[in-house]
1. Please list the radius of gyration and Dmax for the stretch 1-96, considering alpha-carbon atoms only, with Å as the unit.
2. Looking at the chain, which Cys residues are left with no other cysteine's beta carbon under 4.7 Å from theirs?
3. Local charge sum around residue 91 (other residues, Cβ-Cβ under 14 Å, Lys/Arg +1, Asp/Glu -1)?
4. Need one number: % antiparallel among DSSP beta bridges in the chain, to the nearest 5.
5. What is the stretch 104-146 by shape, rounded, prolate or oblate, if you read a ≥ b ≥ c off the alpha carbon gyration tensor as root eigenvalues and call it rounded for a/c under 1.5, prolate for a/b larger than b/c, and oblate otherwise?
6. Multiply the residue separation of residue 132 and residue 116 by 0.36 nm, subtract the distance between their alpha-carbon atoms, and state the gained length in nm to one decimal.
7. Of the peptides 31-44, 134-147, how do they stack up when ordered by the mean number of other Cβ atoms within 10 Å, highest first?
8. I'd like the FRET efficiency for residue 149 and residue 210, computed as 1/(1 + (r/R0)^6) with the beta carbon distance as r and R0 of 35 Å, rounded to 0.05.
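Computed from the coordinates by the stated procedures, all read-outs in this text should not be read as laboratory data. Just so we're clear, the structure is a prediction, and the values are computed from it rather than from any experiment. Neighbour counts are summed over all protein chains in view; Cβ atoms, including those assigned to glycine, are modelled from backbone coordinates with ideal geometry.
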Amino acid sequence: MNLILLGPPGAGKGTQAKRLEESLNIVQLSTGDMLRAEVASGSALGQQAKEVMQSGGLVSDELIINMISSRIDQDDCKNGFILDGFPRTTAQAEALDTMLSDKSLKIDHVIEIKVDDDAMVERVTGRYTCAKCGAGYHDSFQKPKQDGVCDKCGGTEFKRRADDNAETVRARLDAYHEQTAPIAGYYAGKGVLKSVDGMAAIDEVTRQLNEIVV
Ligand code: AP5
Ligand code: ZN
């Protein structure tokens, strides 16, 4: 099964994609995570992306489309994938259609996680991940069971993203409304768009998603 999760920064795309990855045995393809790995490795691509990401703007369509196309060709995507953070512009959505038809693949569900902007700044600025295994946490909404210790791997080091400050989050929300929100209309026009209530608790959002993907 191949899915697209749509939604602004903090909507819960990454949180839910990780759960679906386990329950459906398919892989999460987060363009944000891929770009952060490129930045951390100091690659030419990472150097190109770093400043744009820190400003809250969008990296060039061409770079992203090439990156995702070669990722989909890898063996671990054979059982299916969840696109998280891609497509993000109409040009990316159109390129994805062409790419998938060239590879004889299709998207089964495009699911929009609907949320209120006001809550997103708190969600994003409060978030952190385990430095060892990548498990996601939040200062208020998703604390580890034991303070300072990762539930999944017992790790005690955590990190926060460079673009998760209030100013950059607002710029990312602006970019979402200007460039990404219109693609919901693109998929609605094709009759494949579904939505879940992203303001509900994390487990309830998972329940709504499971109803769509079963
Ligand atoms: P990216 O990494 O994709 O960031 P984003 O879209 O801004 O999404 P986030 O990761 O911030 O949010 P999320 O929806 O995954 O929320 P999460 O589950 O963590 O992109 C980063 C940058 O890379 C972009 O700004 C751009 O520059 C570049 N980029 C990436 N893709 C690109 C593309 N295709 N084209 C061009 N440029 C691209 O949840 C957030 C927090 O809230 C967590 O702490 C979680 O615990 C909590 N939470 C989640 N759900 C709930 C809930 N229901 N109730 C309460 N708390 C919740
Ligand atoms: Zn961990």
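1. 13.1, 36
2. 77
3. Details: positive: 88; negative: 61, 62, 94, 97, 178.
Value of the local net charge: -4.
4. About 30 percent, rounded to the nearest 5.
5. Values: a/c = 3.18, a/b = 1.46, b/c = 2.18.
Verdict is oblate for the stretch 104-146.
6. Stretched fully, the residue 132-residue 116 segment lengthens by 2.6 nm.
7. Going from most to least packed, we get 31-44, 134-147.
8. Working: r = 29 Å, r/R0 = 0.83.
According to the calculation, E is roughly 0.75.
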